[in-house]
Each structure stands twice: as structure tokens, then as C-alpha cells.
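Some notes on the structure that comes next.
Readers should treat all values here as calculations from the given coordinates under stated rules, not as data from a laboratory. For clarity, every value in this text was computed on a predicted model and none was experimentally measured. No Cβ is skipped: glycine too gets one built from the backbone with ideal geometry, and neighbour counts run over all protein chains shown.
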Amino acid sequence: MVTTNITENLIRPVFPFTAIVGQEEMKLALILNVIDPTIGGVMIMGDRGTGKSTTIRAIADLLPEIEVVMDDPFNSHPSNIELMSEEIKNSLQDDIILSTKKIKVPMVDLPLGATEDRLCGTIDIEKALKEGIKTFEAGLLAKANRGILYVDEVNLLDDHLVDLLLDAAASGWNTVEREGISIRHPSRFVLVGSGNPEEGELRPQLLDRFGMHAEIRTVKDPILRVQIVEQRSLFDLNANEYINRCAEEQEELKARIVNAQNLLSSIKIDYDLKIKISEVCAALDVDGLRGDIVTNRAAKAFAAYNKRDIVTSEDIQQIIVLCLRHRLRKDPLESIDSGDKVMKIFNEIFN
């Protein structure tokens, strides 16, 4: 019993997601990506000190535990083939009974100075050549499988690493090849990037690969600012008591997310609405079809989150700016904000 208390005290308390004041765009984008990771992650751009890191850690802490195969470095799912490593697949084919355990959803931070080996993992070539054994040291992409991979200041990260990240996030797999030896493992995660636009923009080709884009600004309302400061002070004073006070709201939101995940596969979107989404994308001159695909997925996730089985135009209205604003071509002479431009075209097409 003493050991348990010591362990609990060693775990750093996380500020409750439901207690975060404001920043509704960021919170909605994170929730929708958790409901449907195929949306493709979210890029959060905004001022320093606006709670980006706090909110991202809070959503990871909120999620229900997942079942994994014990002693597996990839957080392999015990029955879903798409979420398990080759070794686990072979074990199942050989009718080996695997032990499992429940863990919290992995939340992995990618430091700015990370190398490719640290991100993707490394193969021990010497051991492979001498003993014929594939020895793989798992990287951050392996640890993030079935979880959240967070890159703070992604706009300062080496472009080569950003490419690797986005490729893994899009395909759900990471492949490491060296000297003719190849290792492939599942790497399905919600990719969350954050940054401050003053420190440099992300290349348009890379920005387009993020499913959603949330913009956050420093709260100007003095009453809200005081509320945020007071909430944080209460948490710092006695974190456990504050967390307990928010427990009921946290459980309600957790249940709502799980319910939405279960509903997602049954959500329908009318053909007419799909046509209108594509009309908006075409009118905005959005390159490629990612905008169309992400908007459809996000609208379904939003409908599921609100316990509806059919997508409405109101659902699309709530998410379309998040899905399209970062895909617009930059025109230095244009004064209208990209989000306002998306809504203007939306209103014209959806009447």
C-alpha cells in the first residue's frame, strides 16, 4: 500500500481538460482527432503562454486506458492485426496465448534536437550479421503507436524529420531499412504540432498534410483572464483536490468520446452535402483532395460527438474552417483572414 502511494505521488498531476477555459478551437480539434485519428492530426498555431502544451497533455490524460500485449515495444493490440507488430502476428498464428495489460494512452514528446534514429528506431547491424537476429531498438514512432505524438515548435523542426513524421502518420506504419535489413511496425497516432507564427511558418506542402489547423490567441477579456489565473492557482495549491473536483465532468466527457468512437462507423453523410463540401474546396482553389476527405471525416466525427447518426450542414459549418483555412494559397495583397474567407464561401454555397 505504501508503494502505491509513493508511485502515485511520483506521477506528475495533469490539469483537467474540462477545466481549461477558452481555446475552443483547439479543444474541438483535439477531441475530433481522438474520435477519428484518420482525420490526420492537428496543427496548433498561436501566441506563447496560451496553454497549448497543457491542453494536449490534458486530452491524453482524459482518454480511457488501452489494452496492449505485455512486453511489446509497439503497444500492439491483442486482436487488431492493423495495430500489432509482426512478432505478435506470428505468435497468434502459432496459437501462442499472449498476456495483456491496460495502460494509459501513450503521450510522446518529440524534442527539437531529436535525430532520425531517435524518431524511427535503429537496427543492430552487427548482431544481425553475426547471429542472424533482427534486433530493433524502438524509437519514438513505436512508443507513440495508438497514442498521441506531440511536437512543440514543429515549425522549427528539421524538414526531413517532419516528412518522416507525416509519412508515418498518414500510412500508420514505420519502416526502418539499413544494409538490406528491414523492420516494419505499426505507428498509428494522433499527430499534434504546435508553434508560434512569429518564429517561422511551416512549409505549405507540410502544413497541408495536417488534417486540421487551430489558431489560438491570448485571451483579452479581463474576467476570463482572472478566471484562468484563479483555476491555475487552485490546481497548483492542491492538484489532487482540484482533479477530484473535476472528476465527474471528466468522466462525462470521456464517456462521450468513447460513445462517439463507437458510433463513428455508422455515421452517414448525404451525397448532396458531399457535393457542397467539394464545391467549397473547388471555389477556394484548394490543391488536391485532402481538404474534401478531411472535412467529410471531421463532420462525421462531430456528428458522432453530438450523438447524431446523420451529418447536418450545421456540423460542417462547425468544422470546415479548421479543415480548410491552412490549405488556402497565401496572397500577400489579400486583407481578408483565411478563416473568414472559408466561411464566406461556405455561406454562399450552403445558403
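When the Cα positions of Ile277, Phe346, Ala301 are compared along the charge dipole of region 264-350, Ala301 comes out farthest toward the positive end, with charges on each C-beta of Lys, Arg, Asp and Glu.
When each of His160, His326 is scored by the number of other beta-carbon atoms lying within 10 Å, the sequence from fewest to most is His160, His326. Fewest-first ordering of Ser99, Ser53 by other beta carbons within 10 Å of each residue's beta carbon gives Ser99, Ser53. Straight-line cross-link partners of Lys102 among the aspartates and glutamates, defined as a Cα under 17 Å from its Cα and at least 8 positions apart when in the same chain: Glu8, Asp61, Glu65, Glu67, Asp71, Asp72. Each of Val229, Val321 was scored by other Cβ atoms within 10 Å of its Cβ. Listed from fewest to most, they are Val229, Val321. Summary value for the chain: 21 percent relative contact order, contacts being C-alpha pairs under 8 angstrom separated by 6+ residues. Residues considered: Leu92, Leu322, Leu284. Largest GNM mean-square fluctuation over the chain, using C-alpha springs under 10 Å, is found at Leu92. Computed extension length for Thr175-Leu289: 38.5 nm, one decimal, from 0.36 nm per residue of separation with the Cα-Cα distance subtracted. Measuring against 25 Å, Cα to Cα, the residue pairs Lys104/Lys254; Lys276/Lys344; Lys89/Lys307; Lys274/Lys307; Lys307/Lys330; Lys143/Lys274 contain Lys89/Lys307; Lys307/Lys330; Lys143/Lys274 as the ones spanning a longer distance. In this entry, the chain is assigned a mean projected area of 21.7 nm², taken as a quarter of its C-alpha convex hull surface. For region 23-216, the square roots a ≥ b ≥ c of the C-alpha gyration tensor eigenvalues yield an a/c of 1.5 or more together with a/b not exceeding b/c, which makes the shape oblate.
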